[in-house]
Amino acid sequence: MNEFMTGTASQIEWAERIKPRVQAEFDRVANAFQEAAHKQAEPERSSTLAIIAILEEKRLAAMEHPQAGYFLREWQDIKDQVRKSIAADSRYQAIRANRRIERSENPTVKSATVKSATVKSE
């Protein structure tokens, strides 16, 4: 059991079972962004790497959450929590807005991005 997590013994035990699945979901999304970044030219590569940094911050915040109930409420049924947490971030929204502006100013630029982080779970 995690000595830093709060909750009942059974909540903590269940949260400890959920956490590896949460890690795996963050890994899956991060890998999709990494693959996209490898295919991109600048400046899109830099903004995709910035999105990966945001993702890693979200991962750290989620995995260090001290309440077992958080994992039971938010992560027991993993759907698109990672995508939603990234999409809600103001830095991500700014990156998306800048990309739209760049594309409208230079319509010949093609993107190899992960479509707004809507990577589907397998």
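The values are calculated or read from the model by the stated rules, or taken from the named source; none is laboratory data. Note that the structure is a prediction, hence the values are computed from the model and not measured. Reconstructed Cβ throughout: ideal geometry from the backbone, glycine too, with neighbour counts over all protein chains shown.
What helices (runs of 4 or more DSSP H) completely inside region 1-83 contain at least 3 residues that are of a type outside the set (D, E, K, R) and surrounded by fewer than 17 Cβ atoms within 10 Å (Cβ to Cβ)? First the steps, then the outcome.
Numbers: elements: 9-39, 44-63, 68-75.
In region 1-83, 9-39, 44-63 are the helices (runs of 4 or more DSSP H) which contain 3 or more residues that are of a type outside the set (D, E, K, R) and surrounded by fewer than 17 Cβ atoms within 10 Å (Cβ to Cβ).
Could you go through region 84-107 and let me know if any residue there is on the phi > 0 side of the Ramachandran plot and either loosely packed, with under 15 Cβ neighbours inside 10 Å or at pLDDT below 90 (or both).
For region 84-107, residues on the phi > 0 side of the Ramachandran plot and either loosely packed, with under 15 Cβ neighbours inside 10 Å or at pLDDT below 90 (or both): absent.
If a residue has to be more than 10 Å from the chain's Cα centre (by Cα) and touching a residue at least 24 places away in the same chain (Cβ under 8 Å) to count, how many in region 71-88 make the cut? Of the residues in region 71-88, 6 are more than 10 Å from the chain's Cα centre (by Cα) and touching a residue at least 24 places away in the same chain (Cβ under 8 Å). For first residues located in region 90-106 and within 12 Å of Thr48 (Cα to Cα), partners that are polar (S, T, N, Q) and not in a helix (DSSP H, G or I) and lie 6+ apart or on another chain with Cβ distances below 9 Å form the pairs Arg99/Ser111; Arg99/Thr113.
Among the residues of region 22-70, those that are free of Cβ contacts under 8 Å to residues at least 12 places away in the same chain and among the small types (Gly, Ala, Ser) comprise Ala24, Ala41, Ser46, Ala53, Ala61. Among the residues of region 45-78, those that are touching an Asp or Glu at 6+ places or on another chain (Cβ under 8 Å) and under 23 Å from Ala97 (Cβ atoms) comprise Ile54, Lys58.
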